[in-house]
Amino acid sequence: MNRWLSAMQELRRYPSAIGGLAIILFLILLAVYTVVTIPYGEALDKWRGGDMWRSTPVNAGPVWLDRVMGGDKPRTRIIHSDDAQIEEAAFEGGRQVRIPLVFDYDNSEFPSEINLFLSTSGGDREAFIRLNWHTPSGEVIPLGGQRVARSDRVSISQNPALEGRLGMVPHVGLFAGGSEPGNPQVAQGQYRLTVDAIVFGDDAKLDTELVVYGRVHGLAGSDFQRRDLMVALMWGTPVALAFGLLAAVGTTITTLIIAATGVWFGGLVDATIQRLTEVNIILPLLPILVMVGTLYSTSIWLMLGVVILLGIFSAGIKTYRAMLLPIKHSPYIEAAQAYGAGNTRIIMRYMIPRILPVLIPTFVTLIPTFVFLEASLAVLGLGDPVLPTWGKVLNDAQTQSALYNGFYYWVVSPAVLLMLTGLGFAMLGFALDRVFNPRLRTQ
Amino acid sequence: MTSPLPPSANRFGWLRDLRRIAFFMSKRLLALFVTVMIGVYLTIVIANMGGQVDELRELQIRSTISEQVRADPAFMQMPSEERSELIETQVLMEVQRRNLDQPFFVRSIDYLRQAAQLDLGRAEEMHSDTGAREVYDIIVERLPATLLLFGTANLLVFFVSVYAALYLSRRYGSRADRAVIALAPSSAAPAWFYGIFLILFFAFLAPVLPPGGMVDIPPPDSRWEYGLSVMRHMVLPVTAMFFSSIFISIYSWRTFFLIHSSEDYVEMARAKGLPASLIQGRYILRPTLSPIITSFALMLIGLWSGSIILEQVFNWPGLGSLLFQAIGYRDTPVIIGSVVVFAYLLAVTVFMLDILYAILDPRVRIEGGS
């Protein structure tokens, strides 16, 4: 134990070790925080996408990035009928309702989309609505009328007739305040969408929600399915750490035990292990993983299993064997044999602990390799089907040509997190290497 | 075998060496062959999902043929029973043509025998750009692209890192040395990762280089311009590979040379006052030649297989992306073909290494037979 303590103390002399430890600590805290705040099931649900993201803009950048760059891109505005001053007039068999959805628009850029979500309850017939758009200058633009199903959506942005009338896409034209169609400018001020509805039945109720989608969203932005990227960026942390750690532990420990067994028994056992290792070196890891992913399943746990299985007889065995061979004949092992220690005991308690310190740096530097392996698979489209990971975000970004379309944040944020993980473990590993292998230090 | 004459004894000693080497080599060759065969067989089993791909393939054949027959106006007037009979016979013929009616074990052995003879067979779905269906043609067509890209990058990394490491090991603790140590952790990220950033910076933010592909589209007519275009497309992937491995490479070679330059015999040479270049050439490089050559050969092996993901990211038409496409198409002959070629190249390289060791390292020569 004393040896470990002194090693830890020596580690403090290396700034890179401190930096690496700080990064790893940050990642671990982030992972714990993520798992506590967004439980596993909820994360899967959120990442599956769908209606829960209906009021998030498509492909919006992070808010802070835009503000740092000096931009003034709009955030999403949600105006709900609960906060509106509703006028009602009853008539026989139904009511006439006027819902004014009022909001201030003071950004210099246009919103990215406008949707109106409606839901009706009660009533014996479908409600009917008519929409009017009031600009700050007092102009009234009729948006047409329609029947409303139980749960309905009016995609104001995708109204071709309106687009034809305005000469621009609706979410620009409705805010342009009569400026030139070639160079539209936002007319700032108070906008109002009045929903004139006729509902049938006494208990009929109409809920409306106007969503004026912004061009920025949250800390991490959103993707092409309106999902908040923060979910994937946060959940990617525990997944990456768990995958990297489990794979590194699985491969190093099994490899070490097998190498020690081979060295201790020698002869046929050793030869078999050596030949198996040579066969395994011929099998290319990534193509096999790709094959397993395409033909069987892309579940991350299956991949982990295959990685460990193929890692058991990895080239590391040769290195460990070279380290263990001289130990086999050292006096302390002969002494252990003399008092009657069994084979297992000698391998597990006498041989392996002896080379463990040399192994720790390798182990630490191995973790990011597996983190990046998981990301590589995901970038090839073989990520876990349900789990949000950094690699899958990169894959989505690539298939949606994020760089070509200028959504740089979509690529950069998962990449930075990957890099941070890689750097943290590598920096610590390199410092550990110098602490545990003093031959590299002294000259 | 006792000869009184010293020269002939010398000759016998040389002969004995040769015999030992020959014996050792044939043993190694046999072992390597068996290793390659086991590796290839495992790949065959995995690539066929232990025979499950056959069922998929049969289903696919059936649906393609029934669609063809149904869509063909020539068979429109045929009664439906006759038509399904026709479909059945055509499916049977196709199944027999592809040998799918035999049990998987028999076919896997058959695959292995063909693979051992380097008879790679015909692809099932894919074809080369010239339209050939031979797996050999498909692989050979992609090979130059991979060799060009990975050869340039790996040779660059190898020579730059060995020279830089020799230089740094002489200036241990200098500012450059410390900078390399500090930068070494950057190699934790693979080349494709830096590739993404390079594409972002040099193809989109400052569009000076193409983001992917191997030549401009359409390809330039003159040979000179063609070469220039390929070189422009190579800059980003080569930089990505170079950057991702150069620092770790320099670091590990530097450590290696440092350990060897603190050996007693090197100290002794220094104490004798030998010039630095002589010490480096004869006392440091000569004994470390075997590991250097090993790593060079391993680099060459890595070169053959290319890298699936880097080629995907840069859209480079090499062996890696070929393998990825083949897996996507479940085109088993192409998958097995790539792995067979890789395994053979690996075996040949390992064998050459053994011979080289025997020449370079006198210890191997003496203990070779034992």
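Every read-out reported here was derived from the displayed coordinates using simple, explicitly stated rules and does not represent laboratory data. It should be emphasised that the depicted structure is a prediction, and the values quoted were computed from it without experimental measurement. Cβ sites come from the backbone with ideal geometry, for glycine too, and all protein chains shown count toward neighbours.
Based on Cβ point charges of +1 for Lys and Arg and -1 for Asp and Glu, what charge dipole magnitude is obtained for segment A:248-349 about its Cα centre, in debye rounded to the nearest 20?
For segment A:248-349, the charge dipole is close to 120 debye.
I'd like the FRET efficiency for B:ILE217 and A:ALA90, computed as 1/(1 + (r/R0)^6) with the beta carbon distance as r and R0 of 51 Å, rounded to 0.05. Each step should come with its number before you reach the end.
Working: r = 68 Å, r/R0 = 1.34.
It comes to 0.15.
Under a no-solvent Debye model with one identical scatterer per Cα of segment B:142-320, what's log10 I(q)/I(0) at q = 0.16, 0.18, 0.19 Å⁻¹?
Once normalised to I(0) and log-transformed, intensities are -0.97, -1.12, -1.19.
Taking just the C-alpha trace of segment B:273-346, give me its Rg and Dmax in Å.
19.5, 66
Taking the alpha-carbon distance from A:LYS318 and a cut-off under 23 Å, which lysines remain once sequence neighbours fewer than 8 residues away in the same chain are dropped?
Cross-link targets: A:LYS328, B:LYS27.
Starting from the Kirkwood Rh over alpha-carbon pairs, what translational D in µm² s⁻¹ does the protein assembly as shown have by Stokes-Einstein at 20 °C and 1.002 mPa s? The partial results should precede the final answer.
Numbers: Rh = 32.0 Å.
So the translational diffusion coefficient is about 67 µm²/s.
Specify which residue in the list B:LEU156, B:LEU278, B:LEU205 is farthest towards the positive end of the charge dipole of chain B, using unit charges on the beta carbon of Lys, Arg (+1) and Asp, Glu (-1), about the Cα centre.
Working it through, the farthest residue towards the positive pole turns out to be B:LEU278.
Would you mind working out the magnitude of the charge dipole of chain B relative to its Cα centre, with +1 at each Lys and Arg C-beta and -1 at each Asp and Glu C-beta, to the nearest 20 Debye? Can you show the working numbers first?
Working: 31 positive and 32 negative charges, 516 e Å.
Using Cβ point charges on Lys, Arg, Asp and Glu, chain B gives about 2480 debye.
Where does helix B:80-97 land angle-wise versus the long Cα axis of chain B, in degrees 0 to 90, nearest 10?
20 degrees
Could you give the nm distance between label points at A:LEU325 and B:GLU67, where each point is 7 Å from its Cα heading toward the beta carbon?
5.9 nm
What whole number of Å gives the distance from the Cα centroid of segment A:39-72 to the Cα centroid of segment A:247-323?
41 Å
Listing B:MET231, B:MET37, A:MET291 from the residue with the fewest other Cβ atoms within 10 Å to the one with the most, what is the order? Walk me through the intermediate numbers first.
Details: B:MET231 12, B:MET37 18, A:MET291 25.
Least to most surrounded, the residues fall as B:MET231, B:MET37, A:MET291.
Normalising by the residue count of chain B, find the relative contact order in percent from Cα pairs under 8 Å and 6+ residues apart.
Values: 359 pairs, mean separation 94.6, N = 370.
Relative contact order of chain B: 26 percent.
Enumerate the aspartates and glutamates that A:LYS392 could reach by cross-link, defined here as Cα to Cα under 20 Å, with residues fewer than 8 away along the same chain left out.
Cα-Cα hits under 20 Å: A:GLU42, A:ASP45, A:ASP223, A:ASP228, A:GLU374, A:ASP384, B:GLU311.
Which net charge results when you count Lys and Arg as +1 and Asp and Glu as -1 among the other residues whose beta-carbon is under 14 Å from that of B:ALA179?
Working: positive: B:ARG171, B:ARG175, B:ARG178, B:ARG254; negative: B:ASP177.
Spelling it out: positives minus negatives among the neighbours equals +3.
Farthest toward the dipole's positive end in the protein assembly as shown, which of A:ALA338, B:MET93, A:ALA375, given Cβ charges of +1 (Lys, Arg) and -1 (Asp, Glu) about the Cα centre?
Looking along the dipole axis, the top candidate is A:ALA338.
For segment B:57-136, go through all pairs of different Cα atoms, get the mean of 1/r, take its inverse, and jot down that Kirkwood value in Å. Don't jump to the answer; show the numbers that get you there.
Working: mean 1/r = 0.0674 Å⁻¹.
One over the average 1/r among Cα pairs gives 14.8 Å for segment B:57-136.
State the extension gain, in nm to one decimal, for the chain segment bounded by B:LEU205 and B:MET76, taking 0.36 nm per residue of separation less the distance between their alpha-carbons. Please list the in-between numbers first.
Numbers: separation 129, 0.36 × 129 = 46.44 nm, distance 5.82 nm.
Working it through step by step, the gained length comes to 40.6 nm.
Using a simple spin-label model with points 7 Å from Cα along the Cα→Cβ vector, what separation in nm is obtained for B:GLU125 and B:LEU147?
Using points 7 Å along Cα→Cβ, the separation is 2.9 nm.
Please compute the length gained on full extension between A:ARG54 and A:TYR332, using 0.36 nm multiplied by the number of residues separating them and subtracting their Cα-Cα distance.
Numbers: separation 278, 0.36 × 278 = 100.08 nm, distance 6.90 nm.
Length difference between fully extended and current span is 93.2 nm.
Between B:ALA116 and B:SER277, what is the FRET efficiency for a Förster distance of 41 Å, r being their Cβ-Cβ separation, to the nearest 0.05? Provide the component values of the computation, followed by the final result.
Working: r = 49 Å, r/R0 = 1.20.
About 0.25, to the nearest 0.05.
Provide Rg over Rh for segment A:1-153; use the alpha carbon set for both Rg and the Kirkwood Rh (inverse mean inverse pair distance).
Across segment A:1-153, the Cα-based Rg/Rh ratio is 1.22.
Extension gain A:SER401-A:ALA271, at 0.36 nm per residue separation less the Cα-Cα distance, in nm?
Details: separation 130, 0.36 × 130 = 46.80 nm, distance 5.09 nm.
Stretched fully, the A:SER401-A:ALA271 segment lengthens by 41.7 nm.
Between A:GLN190 and B:ILE259, with labels modelled 7 Å along Cα→Cβ, what's the label distance in nm to one decimal, could you check?
Going by the 7 Å Cα→Cβ label model, 7.8 nm.
Taking 1 over the mean of 1/r across every pair of different Cα atoms in segment B:7-116, what Kirkwood radius in Å do you get? Let's see the in-between values first.
Working: mean 1/r = 0.0543 Å⁻¹.
Hydrodynamic radius (Kirkwood, Cα only) of segment B:7-116 equals 18.4 Å.
When the gyration tensor of segment A:74-213 is built from Cα positions, what are the square roots of 5 times its three eigenvalues, in whole Å, from largest to smallest? Intermediate results must be reported in sequence, preceding the final value.
On the way: eigenvalues 162, 41, 33 Å².
Semi-axes (√(5λ), whole Å): 28, 14, 13.
Which whole-angstrom value gives the distance between the alpha carbon centres of segment A:21-36 and segment B:69-121?
56 Å
Just want the ordering: A:LEU309, A:LEU174, from fewest to most Cβ atoms lying within 10 Å of their own Cβ. Numbers along the way, then the final one.
Working: A:LEU309 14, A:LEU174 26.
The fewest-first ordering by Cβ neighbours comes to A:LEU309, A:LEU174.
Cα atoms only, chain A: Rg and Dmax in Å?
In Å, with Rg to one decimal and Dmax whole: 31.4, 105.
Rounded to the nearest Å, what's the spacing between the alpha carbon centres of segment A:215-238 and segment B:47-67? Just the number, please.
Between the Cα centre of segment A:215-238 and that of segment B:47-67, the gap is 40 Å.
How would A:ILE347, B:ILE109, B:ILE259 line up from fewest to most surrounding beta-carbon atoms within 10 angstrom?
Details: A:ILE347 21, B:ILE109 12, B:ILE259 15.
Fewest-to-most Cβ neighbours within 10 Å comes out as B:ILE109, B:ILE259, A:ILE347.
Along the charge dipole of chain A, pointing to its positive end and built from +1/-1 on Cβ of Lys, Arg, Asp and Glu, which listed residue (A:LEU245, A:GLY144, A:TRP47) has its Cα farthest out?
Value computed over the given set: A:LEU245.
At q = 0.09, 0.14 Å⁻¹, what log₁₀ I(q)/I(0) does chain B have when each alpha carbon counts as one equal point scatterer in the Debye sum?
Log10 of I(q)/I(0), two decimals: -0.76, -1.26.
Mind giving me the FRET efficiency for A:TRP64 and A:LEU309? R0 is 35 Å, r the Cβ-Cβ distance, nearest 0.05 is fine. Walk me through the numbers on the way to the answer.
Working: r = 43 Å, r/R0 = 1.24.
Rounded to the nearest 0.05, the efficiency is 0.20.
In debye, nearest 20: dipole of the protein assembly as shown around its Cα centre with unit charges on the Cβ of K, R (+) and D, E (-)?
Values: 65 positive and 67 negative charges, 989 e Å.
For the protein assembly as shown, the charge dipole is close to 4740 debye.
Just need the relative contact order of segment B:198-351 here, percent rounded to a whole number, with Cα pairs under 8 Å and 6+ apart.
On the way: 102 pairs, mean separation 28.4, N = 154.
Result for segment B:198-351 is 18 percent.
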